[in-house]
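Read through the structure below, which is laid out as structure tokens, and then see the notes.
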Amino acid sequence: MTVVAELSPCLEAVSSGSPASATAALAPVEPLLPVVGGTTTVPLVDGTQRVYANLDYAASAPALQAVADRVTEVLPLYASVHRGAGYLSQVSTALYESARQTIARFVDAREDDVAVVTRNTTDALNLLAGVIPAGGRVLVLDLEHHANLLPWLRTSDRHAHGHRTTILPIAATVAATLESLAAELAANPYALVTVSGASNVTGEALPVERVVEIAHAAGARVAVDGAQLVPHRGFSLAATGADYVAFSGHKTYAPFGAGALVGRRDWLDSGTPYLAGGGAVRDVRADRTVWQPAPARHEAGSPNVVGAIALAEACDALAALPAGALAAHESALRSRLVEGLEQVPGVQVVRIWPDADEPVGVVTFTVADHNPGLVAAYLAAEHGIGVRDGRFCAHPLLSRLGASEGAIRASVGVGTPSEAVDRLVGALHAYVADGPRSRYEVVDGCWAVVDDTRPLIEVHGLDHLAATAAAACGPALD
Ligand SMILES: Cc1ncc(COP(=O)(O)O)c(C=O)c1O
């Protein structure tokens, strides 16, 4: 079905420049670290080109320049790892194992913790779900990303490991949510509480240290979904006392297919791996398998050596920033964005709790009476801005926030200049005042410019945009 968007009645009067906004008077903020693609230009529907304003870091962040340089440096040394006898196999093995140590150090792992290289956070949490001791119950809040919800429900449904998972509804404040968590833990024995380190919708979180205190007092362990927290703020297992943390390389400026699960060794040493195969075993006979201890036990198949090295490089680059610099950069951009958005008529920034600590650089908002997909398509086509719309793989939370029809999310990171934020705010002012300049239609569930004539960037393998965009957006409002 094709739906064509209403055109602005005052189409001719629209200017692509920003109306006056509070952000105009603020001093510019430059990127904190150089990223690859930070100056890439994209075509707009009016025939001009603009530097891409990437405001979708929460989904996937660009590679740090240092990461790209490191990958280029190690590729000539790349060879098979672990069981290769050749010189370069030994070099690659040493680089891989050293990357594992760097990744563990970055999240301040304790001496007896283990770091498993995974594909991403989803993979890491599925892995953890498979090693909880039999009968162990899991407590999870209803604000989680599906990656920290579905793995626990799946094991629950299947009774594969005898777990039972409880989804606890969040309360109206952080304080009340912590109380409700404590009450549930006092009433029922749990093996694990698994919480988001920072929401991928609003950037908010419960204070991890408090969750750990409450859970440990009740004899439960704590896993932190660090997909957003780790790249946006960093994380310390030792300081928070959390038992596990999972995070993704592609959100941590190392989009080379690796992520990590770091934490207590015992469950990881004894649990059955959910991925079976070579490298994870000591000895296999027809009638029995002897598994390796962690981490090899959970890294069956050929590991992602380059991905792990890239992630380790990103960890080193972030760790080398002056103390507080990462938080200060995001905080400056986030407040600029929120203050700007609050001045756009009809725009509402979504929050979970009024008493949450300062969120990371992830901001979700709605534009009253306007479809988020249309607004996102307009921002891309007319202003070269990349945001995300939909329900952000957090359907229960979006429903709870009254945004089950979807919303728009802008997220920032080390490569974001304030110009990107200011451009977004200006573009929304223009949209609300005058509507889009182009005509838009829904094709296969996705908003797109009618008769889009933007030229394709010349790169091997790219011969059309529309079909890929539709496949990526899909009708499911994910
Ligand atoms: C909070 C949170 N958890 C988990 C995930 C899943 O991460 P990945 O897709 O890298 O597995 C995401 C991704 O957006 C996220 O934001």
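The values are calculated or read from the model by the stated rules, or taken from the named source; none is laboratory data. On a predicted model such as this, the values are computed, not experimentally measured, just so you know. Glycine also receives a Cβ, built like all others from the backbone with ideal geometry; neighbour counts cover every protein chain displayed. In case anyone asks, the SASA skips ligands and DNA or RNA and just uses the protein heavy atoms, side chains included. Shrake-Rupley method; radii C 1.70, N 1.55, O 1.52, S 1.80 Å.
I need the shape label for the range 379-468. Rule: rounded when a/c is under 1.5, else prolate if a/b > b/c, else oblate, with a, b, c from the alpha carbon gyration tensor. Because its axes are fairly even, with a/c under 1.5, the range 379-468 counts as rounded.
Only Cα pairs under 8 Å and at least 6 apart count here; give the relative contact order of the range 66-319 as a rounded whole percent. Show your work: numbers first, answer last.
Values: 513 pairs, mean separation 67.8, N = 254.
Over the range 66-319, the number comes to 27 percent.
Taking label points 7 Å from Cα along the Cα-to-Cβ direction, Asp451 and His216 give a separation of 6.6 nm. Think of a 1.4 Å ball rolled over the protein heavy atoms: the range 66-319 then has 38 Å² of accessible area per residue.
For the chain, the fraction of 1.4 Å probe accessible surface lying on carbon and sulfur atoms is 54 percent. Label-to-label distance for Ser89 and Asp444 is 4.4 nm, based on points extended 7 Å past Cα in the beta-carbon direction.
Which of rounded, prolate or oblate describes the range 66-319 when judged by the alpha-carbon gyration tensor and an a/c cut-off of 1.5? Oblate shape, in that a/c is at least 1.5 and b/c is the bigger or equal ratio.
Name the shape class, rounded, prolate or oblate, that the alpha-carbon gyration tensor gives for the range 252-308, where a ≥ b ≥ c are the square roots of its eigenvalues, rounded holds for a/c under 1.5, and otherwise prolate holds if a/b is larger than b/c and oblate otherwise.
Working: a/c = 3.38, a/b = 1.68, b/c = 2.02.
Judged from the Cα gyration tensor, the range 252-308 comes out oblate (a/c at least 1.5, b/c at or above a/b).
Taking label points 7 Å from Cα along the Cα-to-Cβ direction, Leu153 and Gln343 give a separation of 4.2 nm. If you plug the beta carbon distance of Ser80 and Asp287 into 1/(1 + (r/R0)^6) with R0 = 35 Å, you get a FRET efficiency near 0.70. With all protein chains kept in place, the per residue accessible area of the range 338-478 amounts to 43 square angstrom at a probe of 1.4 angstrom.
Every helix of 4 or more DSSP H residues in the chain counts as -39500 (n - 2.57), and over all residues that averages to -10500 deg cm²/dmol at 222 nm. Sequence-distant contacts, meaning Cα pairs under 8 Å at least 6 residues apart, place the relative contact order of the chain at 25 percent.
Full extension from Thr166 to Ala325: what is 0.36 nm times the residue separation minus their Cα-Cα distance, to one decimal in nm? Working shown, then result.
Values: separation 159, 0.36 × 159 = 57.24 nm, distance 3.78 nm.
Contour length minus the Cα-Cα distance gives 53.5 nm.
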